[in-house]
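**Q** Have a look at this one before I ask anything.
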């Protein structure tokens with residue numbers, strides 16, 4: 001292994017595109033998990049010094065393919081060539097040795113270690129730490145100068161922002177002499193400004209001759225930064241094209257296999273009377289830390305209010321206190337009637353009875369019980385409904401199953417089997433079951449958090465249409481999402497949250513991502 | 001209470017704290033690597049029996065010590081196989097081993113010696129005898145410090161001094177070596193170690209093996225130094241007190257020393273209720289003194305004395321995820 005000091009100097013300058021040598025070539029990679037063919041005969045060529053995007057829906061096999069390249073899984077068939085040489089990658093150690101670095105979607109950092117300790121972990125030079133730490137400190141200083149990767153080497157990971165933690169992951173790879181960097185959904189947790197900074201770093205790395213593979217399901221990122229892009233669908237590579245010669249619409253069609261509406265079609269809102277009034281609402285968490293700081297807002301009938309913000313800025317607490325999961329202080333009025341915030345009518349059951357339906361952010365923990373069947377999940381929260389009771393003692397399970405079947409048909413849940421356990425449905429179909437449960441109760445106010453997180457494009461389109469249809473039926477909707485595109489396209493008004501406060505309210509027609517991004521980062525707007 | 005009594009109590013504090021300290025450090029290595037070990041008690045008990053038996057048969061305390069470490073390592077290996085290789089529930093594996101040790105030790109001792117589950121009393125070289133440190137007698141005349149040195153510091157078996165030396169050594173290994181860095185990482189976020197190309201399984205087995213050796217020392221100390229031979233259930237919950245001390249010390253070596261000395265002090269007081277009564281001027285029941293370590297640990301866990309945050313991956317088997 002060459003020492004970290006030589007990093008960068010040995011990297012070749014960017015070569016002309018035509019005839020540039022290949023950094024990676026995969027030939028006929030196949031991988032099956034039981035009966036599921038995750039990757040099927042995949043071949044791909046990535047030129048050195050380029051940024052190659054891999055795009056596809058959830059479950060298309062992107063992550064499996066990259067896990068094979070990083071030695072996490074062994075392919076059933078196929079060959080991997082690194083720099084033109086046939087290379088076996090049975091484990092991560094071999095991948096690192098072959099010059100591959102990976103930045104996972106969920107960072108692999110030790111929270112209570114310093115940046116330096118994380119960087120040297122597994123790449124120490126000897127039995128004692130002191131020399132390794134000193135060397136890493138020097139190398140990190142060089143790297144941060146070279147690529148704009150500024151991080152305090154002595155900071156603890158748990159004190160760093162998500163964007164900085166990601167830089168540590170990139171530094172880890174570079175410290176290990178990686179020439180090929182794989183990033184798995186890197187912008188999912190970043191603010192727009194942090195994402196822009198990341199893209200600048202990636203471009204800098206590319207200019208130094210590094211090869212970058214970017215896995216994402218966001219078309220905008222592919223168009224913005226990649227040179228070439230491969231599209232995966234159901235375990236197969238459907239196309240590899242030059243980014244300059246394609247369009248988001250074409251890529252979306254390749255991903256899904258049919259034309260999709262990227263823009264949600266909706267008429268202008270016709271807001272009616274005020275449904276929800278929130279005044280000076282505050283929530284403290286179990287450590288007595290104030291998470292929601294005196295928020296005030298109103299939503300009218302026939303209107304979608306979108307809450308934008310980086311995850312963890314009070315949106316979850318807002319949903320929870322409105323949905324009756326958390327307790328708070330302040331005033332909430334629904335159709336002019338004040339709701340109980342701390343007493344015995346402050347629970348989810350009472351809220352549902354008052355006409356507030358809630359599609360929680362964390363589908364798998366708050367929205368469903370994964371081991372229970374679909375028909376049981378359809379009953380949750382509404383199990384006291386009179387039509388589900390046979391008599392005073394017993395529930396009418398037959399009626400419940402029949403009702404579930406109807407809901408499944410209307411919401412196109414696949415497979416339409418009420419007896420199947422929730423965990424056996426895909427993320428999109430799980431979400432459809434929950435949305436069906438909540439929307440079909442015809443609530444006055446729908447709280448919906450991350451409606452399309454982990455949901456494939458086809459289902460996203462469907463769920464978006466249902467939300468708009470509910471609005472057009474004259475209902476009030478509070479939408480919380482970390483996906484700015486979703487907020488922009490669905491909302492009639494956008495409120496941006498930062499640090500438990502609303503920084504401003506914007507009209508989607510007159511704002512843009514930059515404006516919202518600045519408020520999300522807390523640098524613009526005014527705490528209301 | 002006069003100075004001589006205080007010295008006596010401090011002397012027994014050190015003697016009683018030693019098995020706690022060894023077991024606490026044993027637990028520290030295991031838990032820092034993410035393997036909870038409630039089976040410290042069982043390992044100590046097994047080591048006490050094996051060392052007592054072998055020392056009695058061979059007449060050599062060193063052979064006894066080796067046998068104790070070996071027996072403890074066998075249980076540690078079983079714990080490792082159950083919780084690392086087969087990803088079983090670490091607490092249940094530990095509890096099971098405690099039960100095994102509790103029964104098997106008496107069974108073997110009874111079968112071998114037929115003395116009601118005890119091993120024969122050890123004498124001479126079959127036991128760790130007190131060492132007199134240099135100048136202990138000469139300095140006895142120095143006021144205050146002289147008797148302290150002669151009575152409290154000097155006059156213990158070699159295992160006491162070894163246990164004390166293990167504190168800085170453990171600190172150094174954990175915080176200054178590559179092995180320590182990886183060990184702490186594997187207890188916090190094993191995925192970070194795995195993606196760095198280092199074996200999670202090997203690291204955790206290494207940690208469990210260290211735990212085995214240290215519990216072996218603790219058990220052997222019980223049977224061959226603190227007392228002269230093995231007796232039924234002779235560890236008397238020390239493995240659990242060591243776990244309590246580990247939480248009290250927030251999984252740090254130096255704090256482990258202070259915590260076990262404190263708990264050892266309580267045990268020393270429990271041996272001298274007359275002194276406690278004389279100082280406090282009312283009678284404190286011995287069980288109340290025995291319970292003090294647990295009461296303190298509950299206070300720590302409840303967050304009254306700072307916050308005890310266990311290693312984040314503790315108790316969870318590592319399953320590689322995508």
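**Q** Exactly one of (1) more than 29 Å from the chain's Cα centre (by Cα); (2) within 14 Å of chain B (Cβ to nearest Cβ) is unmet by residue A:168. Its number?
**A** For residue A:168, the exception is condition (1).
**Q** Filter segment A:41-65 for residues that are at pLDDT below 90 and not in a loop (DSSP other than H, G, I, E, B); which is farthest from the other protein chains (Cβ to nearest Cβ)?
**A** Checked segment A:41-65; the qualifying residue farthest from the other protein chains (Cβ to nearest Cβ) is A:55.
**Q** Identify the single condition in (1) modelled with pLDDT under 90; (2) surrounded by fewer than 15 Cβ atoms within 10 Å (Cβ to Cβ); (3) within 22 Å of residue A:293 (Cβ to Cβ) that residue A:340 does not satisfy, given that it satisfies every other one.
**A** Among (1) modelled with pLDDT under 90; (2) surrounded by fewer than 15 Cβ atoms within 10 Å (Cβ to Cβ); (3) within 22 Å of residue A:293 (Cβ to Cβ), the lone unmet condition for residue A:340 is (2).
**Q** Between A:478, A:470, which is surrounded by 22 or more Cβ atoms within 10 Å (Cβ to Cβ), in the same structural domain as residue A:348 (by TED's automatic domain parsing) and outside any strand (DSSP E or B)?
**A** Going through A:478, A:470 in turn, just one is surrounded by 22 or more Cβ atoms within 10 Å (Cβ to Cβ), in the same structural domain as residue A:348 (by TED's automatic domain parsing) and outside any strand (DSSP E or B): A:470.
**Q** Of the conditions (1) outside any loop (DSSP other than H, G, I, E, B); (2) modelled with pLDDT of 85 or more; (3) crowded, with 17+ Cβ neighbours inside 10 Å, residue B:279 satisfies every one except a single condition; which number is it?
**A** (3) is the only condition that residue B:279 fails.
**Q** Oh, and also: Can you tell me which residue in segment B:85-95 is farthest from the chain's Cα centre (by Cα), limited to those that are touching a residue at least 12 places away in the same chain (Cβ under 8 Å) and part of a helix (DSSP H, G or I)?
**A** Among those residues, the one meeting the criterion is B:85.
**Q** In addition: So residue A:11 fits all but one of (1) modelled with pLDDT of 90 or more; (2) closer than 21 Å to residue A:172 by Cα; what number is the exception?
**A** Every listed condition holds for residue A:11 apart from (1).
Listed here are the residues, each with its yes/no results for (1) modelled with pLDDT of 90 or more; (2) in contact with a helix residue (DSSP H, G or I) (Cβ under 9 Å, 6 or more places away or on another chain).
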site	(1), (2)
A:289	no, no
A:310	no, yes
A:315	yes, no
A:319	yes, no
A:323	yes, yes
A:331	yes, no
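**Q** Could I ask something else about it? If a residue must be under 28 Å from the mean Cα position of the chain (by Cα) and either free of Cβ contacts under 8 Å to residues at least 60 places away in the same chain or surrounded by fewer than 19 Cβ atoms within 10 Å (Cβ to Cβ) (or both), how many such residues does segment B:121-146 contain?
**A** Qualifying residue count for the region: 11.
**Q** Just a yes or no: is a residue in segment B:213-228 in a loop (DSSP other than H, G, I, E, B) and over 21 Å from residue B:82 (Cα atoms)?
**A** Yes, segment B:213-228 contains a residue that is in a loop (DSSP other than H, G, I, E, B) and over 21 Å from residue B:82 (Cα atoms).
**Q** OK, next. Residues being more than 10 Å from chain B (Cβ to nearest Cβ) and farther than 21 Å from residue B:171 by Cα: count how many of those fall in segment A:120-143. Don't jump to the end; show me each part of the working.
**A** Filtering segment A:120-143 down to residues more than 10 Å from chain B (Cβ to nearest Cβ) leaves A:131, A:134-143.
Imposing the further condition that a residue be farther than 21 Å from residue B:171 by Cα reduces the set to A:135-143.
Number of matching residues: 9.
**Q** Can I ask one more? Is it the case that residue A:400 is outside any loop (DSSP other than H, G, I, E, B) and either touching a residue at least 60 places away in the same chain (Cβ under 8 Å) or out of contact with any helix residue (DSSP H, G or I) (no Cβ under 8 Å at 6 or more places or on another chain) (or both)? Steps first, answer last, please.
**A** Details: outside any loop (DSSP other than H, G, I, E, B): yes; either touching a residue at least 60 places away in the same chain (Cβ under 8 Å) or out of contact with any helix residue (DSSP H, G or I) (no Cβ under 8 Å at 6 or more places or on another chain) (or both): no.
When the stated conditions are applied, residue A:400 does not pass them.
**Q** Name the one entry in B:82, B:76, B:71 that is over 30 Å from residue B:320 (Cβ atoms) and part of a helix (DSSP H, G or I). Give the steps one after another, and end with the answer.
**A** Details: B:82 fails: over 30 Å from residue B:320 (Cβ atoms); B:76 fails: over 30 Å from residue B:320 (Cβ atoms).
Exactly one residue qualifies, and that residue is B:71.
**Q** Could we say that residue A:148 is within 23 Å of residue B:32 (Cβ to Cβ) and either out of contact with any strand residue (DSSP E or B) (no Cβ under 6 Å at 6 or more places or on another chain) or free of Cβ contacts under 8 Å to residues at least 40 places away in the same chain (or both) here?
**A** no
**Q** Given the conditions (1) touching a strand residue (DSSP E or B) at 6+ places or on another chain (Cβ under 6 Å); (2) more than 16 Å from residue A:318 (Cα to Cα); (3) surrounded by 19 or more Cβ atoms within 10 Å (Cβ to Cβ), which single one is not true for residue A:495?
**A** Every listed condition holds for residue A:495 apart from (2).
**Q** Condition test on residue B:139, is it modelled with pLDDT of 95 or more, more than 9 Å from every other protein chain (Cβ to nearest Cβ), assigned to a helix (DSSP H, G or I) and farther than 16 Å from residue B:257 by Cα? I'd like the intermediate steps shown before the answer.
**A** Working: modelled with pLDDT of 95 or more: no; more than 9 Å from every other protein chain (Cβ to nearest Cβ): yes; assigned to a helix (DSSP H, G or I): yes; farther than 16 Å from residue B:257 by Cα: yes.
So residue B:139 fails the test.
**Q** Can residue B:225 be described as closer than 23 Å to residue B:1 by Cβ and either buried (at least 18 other Cβ atoms within 10 Å of the Cβ) or in contact with a helix residue (DSSP H, G or I) (Cβ under 6 Å, 6 or more places away or on another chain) (or both)? It would help to see each step written out before you state the result.
**A** Numbers: closer than 23 Å to residue B:1 by Cβ: no; either buried (at least 18 other Cβ atoms within 10 Å of the Cβ) or in contact with a helix residue (DSSP H, G or I) (Cβ under 6 Å, 6 or more places away or on another chain) (or both): yes.
Spelling it out, it is not the case that residue B:225 is closer than 23 Å to residue B:1 by Cβ and either buried (at least 18 other Cβ atoms within 10 Å of the Cβ) or in contact with a helix residue (DSSP H, G or I) (Cβ under 6 Å, 6 or more places away or on another chain) (or both).
**Q** Taking segment A:95-111 as the region of interest, how many residues are within 7 Å of chain B (Cβ to nearest Cβ) and surrounded by fewer than 16 Cβ atoms within 10 Å (Cβ to Cβ)?
**A** 0
**Q** Among what's in segment A:70-94 and is touching a helix residue (DSSP H, G or I) at 6+ places or on another chain (Cβ under 7 Å) and not in a loop (DSSP other than H, G, I, E, B), pick the residue that is nearest to the other protein chains (Cβ to nearest Cβ).
**A** The residue in question is A:92.
The values are calculated or read from the model by the stated rules, or taken from the named source; none is laboratory data. Keep in mind that this is a model prediction, so the values were computed, not measured. Because the Cβ atoms are built from the backbone with ideal geometry, glycine has one as well, and the counts that use them run over all protein chains shown.
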